[in-house]
Amino acid sequence: MTVVISMLRGVNLGNRNRVKMDALRALYASLKLRDPQTYIQSGNVIFETKEQDLARLAKRIGNGIERNFCFRCDVVVRTASELRSAIIRNPFAARPGIDPSKLLVTFLASAPAAEARERLLRIKTDPEELRIDGRELYTYYPNGIGCSKLQMAVIERALKISGTGRNWTSVTKMLEMAEKLESAH
């Protein structure tokens, strides 16, 4: 069994795409995903699965959400080891004074091509800082995300890939939950 973290994009934002977490856990259980646990209300689900094809798994979850909740959303999945790697690769980790509440990790559906990465890095982002490593985009918002003029739509147009962002606190908490699930067996 592999521990997997799925992150749903655009769930429970305002009045759109509303899902109760108990209903989401029930959906995952109905998809034969073992011991689904949710973290906060934004569609983070940690579970175990025998499925090795993560793209097929994400599609299966997305189809289940559409069937049960009548909306379609992007589903981004990472194994516990991939999430652990994303945390280890945090390019801001060694820098003093970084406020973890102002660090966002965007988990991309796939790794962007070299030319897309170059387009992204040409975007004027001051005072925000962007770093990309594989399928993760790390963005530091020194003045807070709410004050930023940097729009996710601009980033996605440059990359031509969708993704979903989670703040650093959520990322580390999801790994903690995943590791607890791993150690239970």
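Here are some notes:
- The one condition in (1) surrounded by fewer than 18 Cβ atoms within 10 Å (Cβ to Cβ); (2) under 22 Å from E179 (Cβ atoms) that E118 fails to fulfil: (2)
- Of I98, I65, I161, all but one fail to be at pLDDT below 95, closer than 30 Å to K32 by Cα and either β-branched (V, I, T) or not in a helix (DSSP H, G or I) (or both); the exception is I161.
- Between V11, V3, the distinction of being in contact with an Asp or Glu (Cβ under 6 Å, 6 or more places away or on another chain) and within 24 Å of E136 (Cα to Cα) belongs to V3 only.
- Number of positions in segment 68-80 that are assigned to a helix (DSSP H, G or I) and either crowded, with 19+ Cβ neighbours inside 10 Å or not assigned by TED's automatic domain parsing to the domain that holds L54 (or both): 1
- The set of residues in segment 119-175 that are over 15 Å from the mean Cα position of the chain (by Cα) and of a type in the set (D, E) comprises D126, E128, E129.
- Close pairs (7 angstrom Cβ cut-off, 6 or more residues apart or separate chains): under 17 Å from S101 (Cα atoms) in segment 164-185, among the basic types (K, R) and part of a helix (DSSP H, G or I) anywhere: L175/R84
The values are calculated or read from the model by the stated rules, or taken from the named source; none is laboratory data. Bear in mind the structure is a predicted one, so any value in this text is a computation, not a measurement. With ideal geometry, Cβ positions are generated from the backbone for all residues, glycine too; neighbour counts draw on all protein chains shown.
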